[in-house]
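Derivation of every value follows stated rules applied to the coordinates shown; laboratory data play no part. Predicted model only: the values in this text are computed from it and were never measured. As a convention, Cβ positions derive from the backbone with ideal geometry for all residues, glycine included, and neighbour counts pool all protein chains shown.
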Amino acid sequence: MATKNLEAALQQYFGYTSFRDGQKEIIQSVLNQKNVFAVLPTGSGKSICYQLPAMIQKGTVIVVSPLLSLMVDQVKKMKALGMKNVIAINSMLSIHTKKTVLKRLNSYDLIYVSPEMLQNQLLIEKLSQANISLFVVDEAHCISQWGHEFRPDYLRLKEVYEKLQQPPVLALTATATREVQKDIMDTLELKEVSTHIHAMDKPNISFVVNKVVHIAEKTSGISELLQQYPVPTMIYFSSKKEAESVCYELQQKLSSLRIAYYHGDLDTDDRLLIQQQFMANQLDVICCTSAFGMGIDKSDVRLVIHYHMPTQIESFIQEVGRAGRDGQPCISVLYYQDSDIVIPRRLIDSELPDFSLIRYVLNYLFTQSIMDVKELETFFLQVSDNAETKWRFLQFQLEKIGLIQQHICQTSMFEQEDVLKRLETVIYQRTVLKKRKIQEMLQWVQTSGCRRKELYKYFQPNVRTPIHMCCDHCDFDWAEVALEKRLRKEQKWNWKDKLAHLLLQGE
C-alpha cells in the first residue's frame, strides 16, 4: 500500500493525521509480509502497528498478549472504532461463548489470546485452519530468559508458531537490552527479520529522586505533591498491603481527589472496573502494584510516583513511560529510604522455588516413576507458597530437560541428583541476574550524574534533549513546574457507576 493510502487509512480508522515515530516503517514491513522485530517506547502506539494491518489486509491477526485487562481494553477500543470482528479468547469467556467463538474463528480479523491459552490443543487445531496473516508477540521481552518479566509460556510460542504454518511474525517490546533483543530473535528462530529499534527515552519526562530518612515522609511528601498538583497520577508500590494502606491515608488527607488501589489480589471484575474508571477520568489517583498499567492508553497521566524502588531498571522505564503519552510535560518521582532495598531482595526469594522444595518434589516424582503432569502440579501446589509462579518455572525446566513429555513425567531415563543439580544451576543463574538488576537500579538512585543518561545507558548510546527539565541533578526545579491541572468535571453516572464508586471509596 502506498504511503499516501496508508496515512489515509490511519485517519479513516483511528482519526490521526500522521504516524508517530517508527509506526509507518513497521506497518510497511508488516504489509510486505516480512518478519519484524520492533522496539518502541512505552506510550508510542505499538498496538497500531498490528491493528491497522488487521483492518486493511485480508486474513486474521493473532495477538499474543500477557494481560487479561490489556485484552479487554483493546477489544473494547477496536469495537468502538467500528471493528466488530475482534475477540479476546481468555478465561472470562463462558463455555458456551468459547464453543461459539471456535466455530466461527476464521471470521475474526483480530484475535487476542494469552500464551497460556495457546497451550489448548483444540484452539491450536482451529487456529491452524484459519487464514492467519500475522502472528504478533506483544511484550516480546517476556520470551527472553534474561528479560525482566520472563514467562515460560512465552517460550512455547515457537512451537505454536510452527503449528500455525509459520505466518509472518511481529515481535514488539518497549524495553529490551541488546542481550534481550538477541535472545528474543534466537528463541523464535526468525529468518530475514526487518528490525526497527527506536530510542526508548521520552523527552517529555523529568526525573526526580527524593531520598527520605523515615518511611512516613513518603506519604506526607506524596500528599503535599498531590495537593499542589491535582493531576492524573499513578503511584507504584512493591507491596500490596502498603498500596492499600497508603491509599486509605491519602483518601483521608485528600478528600477532593478520587483515589483507589489496584493489585493482583483483587478479583477480575474489580480490576477491570478500576481500570475503566481511571481511563474515564472517574478516578484521579491509582495506588497500584506492577499489575496495573500495561496497555493503559491514558494520554494525560502527569505524575508517576514510585513509593518503592522497583526491582530493575526495565520495569521502572516501562512504568514511567505511561506518563505523558500526549507529549506534554510530566514527572517521574521516586521516593527512596535505605531500608527499601530489603523488599526487592525478598521478592527474588518469592519468585523461584528454593532448593529444599525442589528436592522434596523430585523425591515424590522419582518414587512414582511415571506420573501425569496434572498430578505433579497438584502435589506442588499443596506444598508450595506463591505456587503458581514457581510451578510454571519448574514445569518449563522439567520440559526443557526432557523429564516431562506430552503431559507425562517419566523418570526412568534420568538420575535424580543430575536433575537436581541442573535445576539448582538455573536457579542460581536467575538469582545472580536478579541481584545484578537490583544493583543497577540502586546505582541509578544513587548516581550523582545525569539521571536520564544513566537510566538509558544499557539500552542506547545517547538520549534525546528533554523538552522541559531533565532531572534533579541537571536543571529540575519545582518552582518551574507547570503541569496542566485538569479541572474536575461533573460526571453523569448511572446508578451502577455511582454504586461502584461508593463501594470503591468504602473498601
Taking r as the C-beta separation of residue 477 and residue 159 and R0 as 51 Å, the FRET efficiency to the nearest 0.05 is 0.40
The extension gain from residue 212 to residue 9, computed as 0.36 nm times the residue separation minus the Cα-Cα distance, is 68.0 nm
Relative contact order as a percentage, the chain, C-alpha pairs under 8 Å and 6+ apart, gives 16
The simple spin-label model distance between residue 80 and residue 99, using points 7 Å out along Cα→Cβ, in nm, is 3.4
Counting only backbone N atoms under 11 Å from a point 7 Å out along Cα-to-Cβ of residue 369, the residues of segment 391-423 in range are 411-412
Applied in sequence order to segment 223-228, the curve 6.51 cos²θ - 1.76 cosθ + 1.60 (Karplus, θ = phi - 60°) yields integer Hz couplings, x standing for Gly and Pro, of 4, 5, 5, 6, 5, 7
Violations at 28 Å Cα threshold for listed pairs 84/298; 84/191; 79/457 -> 84/191; 79/457
Most exposed to least, judged by fewest other Cβ atoms within 10 Å, 189, 484 sort to 189, 484
Between residue 224 and residue 460, the FRET efficiency computed from the C-beta separation at R0 = 51 Å comes out, to the nearest 0.05, as 0.90
The exposure ranking of 458, 336, fewest beta-carbon neighbours within 10 Å first, is 458, 336
